[in-house]
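Comments concern the structure below.
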Amino acid sequence: MQSKTLKILSYGSMAVVIAMMMAATFVERLHDTDTALRVIYHNPVFFVLWAVAAVSGFALLLRQGGAKRPATLLLHVALLLILAGALITHLGGKSGSIHLREGVPSSALELDDGTSDVLPFSLELKEFRIEYDPGTENVSDYVSELVCEGEPVTISMNHILKHDGWRFYQADYDEDGAGSILAVSRDPWGVGVTYAGYLLLLVAMIGYFFQRDSTWRRARTALRGPEKVRRRRALPWVLAAAGAAMLAAWLISVFPKGPLMPVLRSPLLFIHMLPIIVSYALFGLTTLLGLVGLFVRENTSERLRNVSLRVLFPAVFLLTFGTFLGAVWANISWGSYWAWDPKETWALVTLLVYSFALHADTLPVLRKPRVFHLFCVLAFLAVLTTYFGVNLFLGGMHSYA
């Protein structure tokens, strides 16, 4: 298959996937989550488009000599693993809930697809309690004391029960305080494949910065080229200083203040949020560079494009790291590493939109400096939607963040 055809298939299908994810968040807002899942996220067309984008993109990489660039190759293999893990989870995983009342053993499950199932063992709730910060009415934790096959166990927020391949998470409780609702999941293969993809992706992203002849390194080489006008040399660094100031201001304002809800009381909160916020600030810097690059001379615009490329790779990689670390945290806390919540969906949209800019060398239109800058300016709308739009209009579990 010709490279041109592979480009159309990979980038075209990915563009449609991005558009469908955007639309799904509004469908969920106007209707409900089940409608968005049925119409878009679980639509066979959605799965096929992901497959076409992944396979054709990988074929295009190999055709363009990707086998000679180990970090780039591993990065794309990792993405294939993550998608494969998601498919395995969708096809073979189970998720649902179990409702327990104090002193009444139960093994009856209500699955998310509306059907029922039975655990191969029973659970008995001995006590449910709500814990508070000392001397306050701020809830610090929700705790279920259980007996599982004769053994006492405790389930609380960020502290799950794993037994016989099943995982149990504190999800809700009865108003009278005598009952507890646990989220339940079983995914013997999908999580392992997905986590392997996450780990390989992390290794590949780090390795990319040491890979010879990468786009990121070529941009650095271009910036070191002959340039005798000191004012032009200084411009990118003045803009970078402005971006650093914006980053500092953003970091001061972003982190939650005051008492945190129980699920957020985890060391993963800071590790999850910090790289994402840094990436947003770096995207803001490329937007600033782009606005300037649209109106300066061609050679200066080209130089600013190279500066943007140097910034975009760490920005996208930080967003990727933060997003997938959030998925691991979600799996620890709720038993599902991806729930198509509007905030996480738009984070993925942002990641994919900016990935087009990372492939500028294979997209002739983005080789033109001013077109590249215009793309970066428009791409920042995805960041604004993720950070502000979801909170104000789309809602979801992350609307507080």
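Throughout, read-outs are computed from the coordinates displayed, never taken from laboratory work. Model, not experiment: these values are computed from the prediction.
Computed quantities for the displayed model
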item	result
Residues with amide H under 5 Å from that of Glu127, placed H, sequence gap 5 or more	Glu145
Helix 298-334 vs. the chain, principal-axis angle (Cα, 0 to 90°, nearest 10)	10 degrees
Helix-only [θ]222 nm of the chain, DSSP H runs n ≥ 4, -39500 (n - 2.57) each, per residue, nearest 500	-19500 deg cm²/dmol
Cα long-axis angle, helix 342-358 against the chain (0 to 90 degrees, to the nearest 10)	20 degrees
Rounded tilt (10° steps) of 268-293 against the dominant C-alpha axis of the chain	30 degrees
The chain: C-alpha gyration tensor shape, a/c 1.5 cut-off, then a/b vs b/c	prolate
Over the range 333-399 - Rg/Rh using Cα atoms and the Kirkwood inverse-distance radius	1.11
